[in-house]
Amino acid sequence: MFKATKIAAAIAALTVAAGAVSVAQAQEAPQPSFNYVSGTVHQVDLDGEKLNGFGIDFGFDVNERVFAEVQYFDVGDSYGEYFGSTYVEADLDVQQLYANLGYKVLEQDSTAVYISAGFAYAKAKYSISGFGGESADDNGYNVQMGIRHRFNQQFEVDANLRHYDMGDDVNDQELALTGRYYISDEFSLMLGYTAAGDDVSYTRVGATWHF
């Protein structure tokens, strides 16, 4: 009886120890980041026309499940051509903004599955020297679903699908893939690619501060 009691106590101790190790490992598992500020360099391919510029991304947790994210970029290009003895220069500028509130549907180990929705805005402006210019802007909504996974302390990947609708036939889907390499817990480098419709895509590289 005494021996059986000692064996039972040893098994109980091992069970508790294993549970403690499991909890510690779960606590140490790197988590995907939703609290960050990123500065990026963008190149947008607009039906063969290359537009270059910058972008800003910002995200933060509202609570354990709810988060907010803002994505903005401003890109443009200018080119000129001689018509006889007259040099004509044209400028094109495109801006885009998404501002979303999201919800983490599932969080397990180093993976988060999420949905989000919010405001969408786009503006295009062009000008031709000697002829003036024109601009047009649209706004509406966007909805998004995605998955963010932290493979280890250094690598994180986010894949998401977004639908946007800004009226006047400005509606389509975007498929985006972003990878991050963490230099430290607070800083990472990023590379992203987005395909939007049949004739629009953009690439971005940048640096991120995580808080």
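Only the coordinates and a few stated rules stand behind these numbers; no lab work does. Note that the structure is predicted; figures quoted are calculated from it, not measured. Positions of Cβ are generated from backbone atoms using ideal geometry, with glycine treated the same way; all protein chains shown enter the neighbour counts.
Descriptive notes on the structure:
- 222 nm mean residue ellipticity, helices alone, for the chain (DSSP H n ≥ 4; -39,500 (n - 2.57); rounded to 500): -4500 deg cm²/dmol
- In degrees, nearest ten, helix 2-28 long axis to first principal axis of the chain (Cα): 10
- Shown in residue order for segment 131-146 are the 3J(HN,Hα) couplings computed by the Karplus curve 6.51 cos²θ - 1.76 cosθ + 1.60 at θ = phi - 60°: 10, x, x, 7, 9, 9, 9, 9, 9, x, 9, 9, 10, 9, 9, x Hz (x for Gly and Pro).
- Cut-off under 5 Å, modelled amide H: who pairs with PHE151 long-range: GLU156, VAL157
- Estimated distance in nm for a label pair at SER78 and ALA99, the labels positioned 7 Å out from Cα along Cα-to-Cβ: 3.0
- Length gained when the stretch ASP168-TRP209 is fully extended (0.36 nm per residue, less Cα-Cα span): 11.1 nm
- Each of the GluC sites (Glu not before Pro) that DSSP puts in a loop and that has at most 15 other Cβ atoms within 10 Å breaks the chain; the longest unbroken stretch is 65-185.
- Look at (i) 1.17; (ii) 0.96; (iii) 1.45: the one that is Cα Rg over 2.2 N^0.38 Å derived from this structure is (iii).
- The label point for ILE147 and the one for ASP45, both projected 7 Å from the Cα toward the Cβ, are 2.6 nm apart.
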